[in-house]
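Asks: Take a look at this one; I'll ask things after.
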Amino acid sequence: MEQYDHSKIEKKWQKNWASKKIYRTRDDSAKKKFYVLDMFPYPSGEGLHVGHPKGYIATDIVSRMKRMQGHEVLHPMGFDAFGLPAENYAIKMKTNPADAVKKNVAHFKEQLENIGFDYDWTREVNTTDPEYYKWTQWIFVQLFKRGLAYESFEPINWCPVDKTGLANEDVEDGKCERCGTPVEKKMMRQWILKITDYADRMLKDLDAKNRDDIPHLVDRKNPPLAGKKSVERKTVHALVVNPKNGKILCIKWKKFPWTGFVIGGVEEGEDIVEAARREVLEETGYKNLKFIRVLGGIVKGEYYAAHKGENRVAYSNAIHFELIDDAQAPIGAEEKAKHAPVWLDPKKLNHDNFTCAELDVWMQRLNMSDAELAKIEAAADKPLLDWPESIKELQKNWIGRSEGVNFMCKIKDLGILVEMYNSVPQTYCAETFTVIAPEHPLVAELIKGTKNEKAVLEFVEKIKAKKAANRFDIDKDMEGMFTGRYIENFAGTGRDLPIWIASYVLADYGTGMVNCSAHDERDYAFAKKYDLPLHPVAEKLIKTTEGEDAVRPEAPYVERNAVMCVVKHWSEDKYLCLSTKAVDWKGFVIGGIEGNEGPAAAGVREIVEETGYANPEFVKILGGKLHAQFYHIVKKENRFAHFQPALFKLKNGDRKETSESEKALHDAVWLSSEEVSKFLNREALVIAWNRAHGIEDKPPVKNGILTEPAEFAGREWSEVRSDIIDHLVQKGYATRKVNYKLRPWVFSRQRYWGEPIPIIHCEKCGIVAVPEKDLPVKLPRVKFYEPTGTGESPLAAIEEWVNVKCPQCKGLGKRETNTMPQWAGSCWYYLRYMDPKNKKTFADSKKEHYWAPVDLYVGGAEHATRHLIYARFWHKFLYDIGVVTTIEPFKKLQHVGLIMAEDGRKMSKRWGNVVNPDEIIKNIGADSLRVYEMFIGPFDQQAAWSTNNAIGSRRFIERVWRLQEKVTAAEIIIGGNAAKIEALIHKTIKKVTEDIDAMRFNTAISTMMIAVNELERETTVSKGQYETLLKLLAPFAPHVADEIWQAKLKHKESIHVSAWPVFDAAKLAESTVEIIVQVNGKVRATFESETNAGNTDLEARALAISEIKKWIGDKPVKKVIIVKGRLVNVVI
RNA sequence: GCCCGGGUGGCGUAAUUGGUCAGCCGCGCAGCACUUAAAAUGCUGUUCCGUAAGGAGUGUGGGUUCGAUUCCCACCCCGGGCACCA
């Protein structure tokens, strides 16, 4: 037999596939689509290392299987090449970035092709191609037109080495993500994208349910009819609200049991808002409508239009109006016959924030019975986003939604009103001072004319000059200065709060000004440093969760006040305590405070009662109260107790008799101060002890029991929060407020290598967008493109490019010279793959309807908080302007675990541990490389490369190759092990198919290896079984599979367009099973049994086994547990 | 500090509605066969202790159960992300 020689076959098949165009994707297919996407690479100068293709191999496998399963597969590839890394590389190599990128892309592409991917290269995109970035710029113009892109002048992060402004996402730990230089704050003219407008929706949709599965009503009541022609229509829903009562104008169809919005077709040349007005007038007669807004997105409906005898595919926008008055025009007879206007109570409909799709869902619900609703809820109980929880969590933290209140405060003597955000409003009575960010515009006003003015201004300048990274360290970097101003009578507490400028306050979160209390670590440290007053309003709660006195949920809660007595000996340094007999417990004398006695009297009484010592004297109250929750064993109740620690002293050793009942409970014992510290195993007592010795607590924590305000005293910190907010809002001290950590996206870079921002500055007209017909604004090719560091991009120096006519007034204008950041192009590339050559639009809407959303998106987890957030933002925006149909771009997301070098470090030129895939392909072949990378471990887990281990994959492929020798012409072999082998093949089909779907490639390969090992033991292998195995292997090792399939087995077409095998459940079942017999849970014997043997039969056979008899001996059998088809367990 | 993920042979790992002696598959290692020899290939073995019978064993300690890698509680360790967001 011919030897397996990868070098002969791999190139051959790569050429063959390309020439036969077997991976060409069609847009007009009747097949079900599957869109599988890789995060496209950023082509660096260094080329690929073996880690890069891991994700690409995975998507290649999935795409090949899906194609064989009969899907129309879109599996494209392209290059993201604008931005700093490419530009810095070009500067280093002293070439033009455009040339460097061209070279790098060619190199990447060649390396990728060597691995044998099934990309349709006719759909390649490159973000630096003017035909591509024309549409990146077009989207920017749309953002600009809707006020989501704006110019601003404010302090932003600036990298002094890369000489450009940076987005919040580009800063890691106060340093530039690219070069590690600490960033500075710099006042700059810049472009901002208002990503924050989408914060809430991006957060909400992470946990949203899958609305795609809610059928549109039109689908259900009037489904499309087969054989009728299909017509596309643009339609509108009108949401007309009566502002007086909130009711919504709908129409009731007379022939159908159906109530819904006014819906109508949009006529040629008609605006959607006009169309909606016209339809409302025609169908209901209401003529005076106030336009509110166009709801985001469009809804697709497919139905049969009976009156026209055609199937309709309708794309509908929704328009929100308010009724101005009741004036009604007469309704035509024809309309009257069809339906009548009705006003519906919207119940809980909050239409202010609705998207079109949500409105559509709500409308359908109007007409559903409860049973129908429940059914649909269940169907939609799948998440909208099938993403790893960890990535969702990362995004949630990044967006950082925080619900709190804005306090309204008045500045004393100036009368200025300011707002201050607080997400922990429980502390409002604790607040003792206010801090303000040095950058805050109010600073100047506060100090104007005061004697401190000059000193404060100097201080502000000093802090501003500090690097961002050095302003916030609690231990050393915090600095502040008093402004001389106060907040007046804050929130009715009667306190004026001094206003300080503090280095640690964030100017761009909340309002840049914060009220401070002892309950925040930084504020506490600041107060200590500058000797500011503190006023804690919460005390610690000790909740016993372990042992006999652990809180028991079933027991009632009882509130008690008590005294905790620290009783000193009359002459020695020892302390009087109790040893409790029932629970092996030693502790201070504790007793309830009765009626109107105080802690001093109660303490004296309890000490006498419980210890017999006759003359205790009250010395002093120690610190504040302690709060505890525990279970009172004797009274069988949960105690919510407030202890007042107090110091007592015995005058002398005189004793009285204690009562019998007290004696039974505990003894009085003396403990040395050391011993006391030893048995103080409950935090409460430690604190009491510390207070008795004047040791101060750490800064108060954010939990415990509130002591102020009086209305909420004694309640638990977390539980009281919402009531406090209600209280503050009611009293008018504050309003509810939500804040986000997500910042506006700083979108301009003062660099050459990026998409020019398509804006023209005109002296007369101001900021004008480049008209869409003039796009793209091409990046000019230049000799000098190094960053200037002046805050202007190198483009600013090219006069012939900068000077341009204003598109509005034709006067003198200047181009915007900043460029877009690296992340811009990747925000929408997945849409361009759907229709990469389109010159009229970024993607044809029919193609978008067919391909969207991306079914599977594979890439590194490091993109969770940048690319994936940015892309979701742009996608939602495109949805809102009605140009895409899904609310999320990526349905399923899978992240790739990194491949590390053999030394366990990241592969990098710096460590000299890079493994080049070209090398591996030369030695063992692309197929072996592919199989190895998938076999290395769980796909999403990091793994270390081992060239040695890769040999195992090569051996596996060789074994498959040699199996050819055993293949007989027969499709199926009869007799011998035939049934067993057939079952094995079907098991393998099932497992491999399921594993590829779940991206468990390592176990899929393992399963195939087991199958090959089994087949090797047979003398002959049937052709049918061998071909099945080859098909399963084909996505993993496409070259060798096709070589055997076409060259050896003489098939005329590629294995990659053959049909994927389907397993037969009937063939999986085996007639006998091995039953294990356990004695007391330990396996002692096994026996063969028919699959469906009954329990009594199994028991009898198990007990008859001599080995089992031996283990049972003469002990009585207590119980026999039988698991059908599995085991018999004898309990003795 | 906070949020995820994980801890199983010499190594990468497999097995979870709790149930076939835990360790599939692969690497490595050892022995054997083939060979003058080597490579390649094939076969056998390979968690630990013990000559064996047998026992122990999935980070540690406890719990639930006839039975726990799988469930519960506490803790330890490793990896990743966030850490100024009041």
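The values are calculated or read from the model by the stated rules, or taken from the named source; none is laboratory data. Please read these numbers as outputs of a predicted model, since none were measured by experiment. Cβ coordinates were reconstructed from backbone atoms using ideal geometry, including for glycine residues, and neighbour counts include every protein chain displayed. The area values use the complete protein model at the heavy-atom level, side chains included, leaving out ligands, DNA and RNA. Shrake-Rupley method; radii C 1.70, N 1.55, O 1.52, S 1.80 Å.
Asks: Any idea what log10 I(q)/I(0) is at q = 0.09, 0.21 Å⁻¹ for segment A:943-1080, Debye with uniform C-alpha scatterers and no solvent?
Replies: Those come out to -0.30, -1.41, one per q.
Asks: Once Lys and Arg get +1 and Asp and Glu get -1 on their Cβ, which of A:ASN397, A:TYR315, A:ILE881 lies farthest toward the positive end of the dipole of chain A?
Replies: Positive-most Cα among the choices belongs to A:TYR315.
Asks: Out of the DSSP beta bridges found with both residues in chain A, what percent are antiparallel (nearest 5)?
Replies: 70 percent
Asks: Give me the distance in nm between label points sitting 7 Å out from Cα along the Cα-to-Cβ direction at A:ASP726 and A:LYS649, one decimal.
Replies: Once both label points are built, they end up 5.0 nm from each other.
Asks: Spelling out what I want: for every residue of segment A:734-744, take phi, set θ = phi - 60°, compute 6.51 cos²θ - 1.76 cosθ + 1.60 (Karplus), and round to whole Hz; glycine and proline get x.
Replies: Per-residue couplings from phi come out as 8, 10, 5, 8, 10, 10, 10, 6, 4, 9, x Hz.
Asks: If you don't mind, there's one more thing I want to ask. Figure the gain on full extension for A:ALA978 and A:ALA455 (residue separation times 0.36 nm, minus the Cα-Cα span) and round it to one decimal in nm.
Replies: Difference between extended and current length: 178.9 nm.
Asks: Rolling a 1.4 Å sphere over the protein heavy atoms, what is the accessible area per residue of segment A:906-995, to the nearest Å²?
Replies: Normalised by residue count, the accessible surface of segment A:906-995 is 49 Å².
Asks: What are the ³J(HN,Hα) values, in whole Hz, obtained from phi via the Karplus relation 6.51 cos²θ - 1.76 cosθ + 1.60 with θ = phi - 60°, for each residue of segment A:898-911 in sequence order, with x given for Gly and Pro?
Replies: Those phi angles translate into 4, 9, 8, 6, 4, 7, x, 8, 5, 5, 7, 4, 4, 8 Hz.
Asks: What aspartates and glutamates does A:LYS336 reach when the alpha-carbon gap must be under 13 Å and sequence neighbours fewer than 8 apart in one chain are set aside?
Replies: Correct list for A:LYS336: A:GLU282, A:GLU283.
Asks: A:LYS186: which lysines have alpha carbons under 18 Å from its alpha carbon, excluding same-chain residues fewer than 8 sequence positions away?
Replies: Reachable lysines: A:LYS163, A:LYS175, A:LYS462, A:LYS464, A:LYS466, A:LYS467.
Asks: If packing is taken as the average count of other Cβ atoms within 10 Å, what order do A:878-889, A:6-17 fall into, highest mean first?
Replies: Peptide ranking by packing, descending: A:878-889, A:6-17.
Asks: In whole percent, and with a 1.4 Å probe on the protein chains, what portion of the accessible area of chain A is carbon and sulfur?
Replies: 51 percent
Asks: When the Cα centres of segment A:775-826 and segment A:272-293 are compared, how far apart do they sit, in Å?
Replies: Here the two parts' Cα centres lie 44 Å apart.
Asks: Right, next: What residues qualify as long-range amide H neighbours of A:PHE747, i.e. H under 5 Å apart, gap of 5 or more or another chain, H built at 1.01 Å from N?
Replies: The answer is A:TRP191, A:ILE192, A:LEU193.
Asks: Could you rank the peptides A:32-41, A:86-95, A:19-28 by their average count of other C-beta atoms within 10 Å per residue, with the highest value first?
Replies: With the highest mean Cβ count within 10 Å placed first, the list reads A:32-41, A:86-95, A:19-28.
Asks: I want to verify the translational diffusion coefficient of chain A in µm²/s; compute it with Stokes-Einstein, Rh as the Kirkwood radius over Cα pairs, at 37 °C and 0.692 mPa s.
Replies: Answer from the Stokes-Einstein relation: 90 µm²/s.
Asks: Let me make sure I get this right: for segment A:474-531, a, b and c are the square roots of the gyration tensor eigenvalues over alpha carbons, sorted descending. Under 1.5 in a/c it's rounded, otherwise prolate if a/b > b/c, else oblate. Which is it?
Replies: Prolate, because a/c is 1.5 or more and a/b exceeds b/c.
Asks: Beyond 32 Å between alpha-carbons counts as too far, so tell me which of A:LYS392/A:LYS1082; A:LYS32/A:LYS778; A:LYS109/A:LYS840 fall in that bin.
Replies: A:LYS392/A:LYS1082; A:LYS32/A:LYS778
Asks: Hey, got a sec? Which GluC sites (Glu not before Pro) in segment A:237-330 land in a DSSP loop and have at most 13 other Cβ atoms within 10 Å?
Replies: Passing sites in segment A:237-330 are A:GLU267, A:GLU268.
Asks: Rounding to the nearest 20 debye, state how big the charge dipole of segment A:1-122 is about its Cα centre with +1 on each Lys and Arg Cβ and -1 on each Asp and Glu Cβ.
Replies: Magnitude of the dipole: close to 340 debye.
Asks: Okay, next question. Cut-off under 20 Å on the C-alpha distance; same-chain residues fewer than 8 positions from A:LYS636 excluded. Which lysines are left, in chain and number order?
Replies: Of all the lysines, those that pass the test against A:LYS636 - Cα under 20 Å, at least 8 places apart if same chain - are A:LYS543, A:LYS581.
Asks: 5 Å is the cut-off here: which amide hydrogens, built 1.01 Å from N in the peptide plane, fall below it relative to A:THR164, excluding neighbours closer than 5 in sequence?
Replies: A:CYS159
Asks: I want to check the label-to-label distance for A:ARG401 and A:GLU559. Put each point 7 Å from Cα in the C-beta direction and report it in nm to one decimal.
Replies: Once both label points are built, they end up 3.4 nm from each other.
Asks: Is it possible to state the helix-based mean residue ellipticity at 222 nm for chain A, with each DSSP H run of 4+ residues giving -39500 (n - 2.57), the sum divided by total residues, to the nearest 500 deg cm²/dmol? What is it?
Replies: The helix-only estimate for chain A comes to -9500 deg cm²/dmol at 222 nm.
Asks: Further question: Based on the mean of other beta carbon atoms within 10 Å per residue, what is the order of A:387-394, A:636-643, most packed first?
Replies: Descending mean neighbour count gives A:636-643, A:387-394.
Asks: Further question: Quick one: accessible area per residue over segment A:823-894, 1.4 Å probe, rounded to a whole number of Å²?
Replies: 25 Å²
Asks: Let me ask something else about it. I want to make sure I understand the PRE zone here: with the label point 7 angstrom from the Cα of A:ASN803 toward its beta carbon, which residues in segment A:765-797 have backbone N atoms less than 14 Å away?
Replies: Flagged as within label range: A:797.
Asks: Compute the Cα gyration tensor for segment A:833-940, then decide on rounded, prolate or oblate, letting a ≥ b ≥ c be the square roots of its eigenvalues: rounded whenever a/c is under 1.5, prolate when a/b is larger than b/c in the other cases, and oblate in all that remain.
Replies: prolate
Asks: Tell me the per residue accessible area of segment A:582-671 using a 1.4 Å probe; a whole number in Å² is fine.
Replies: 48 Å²
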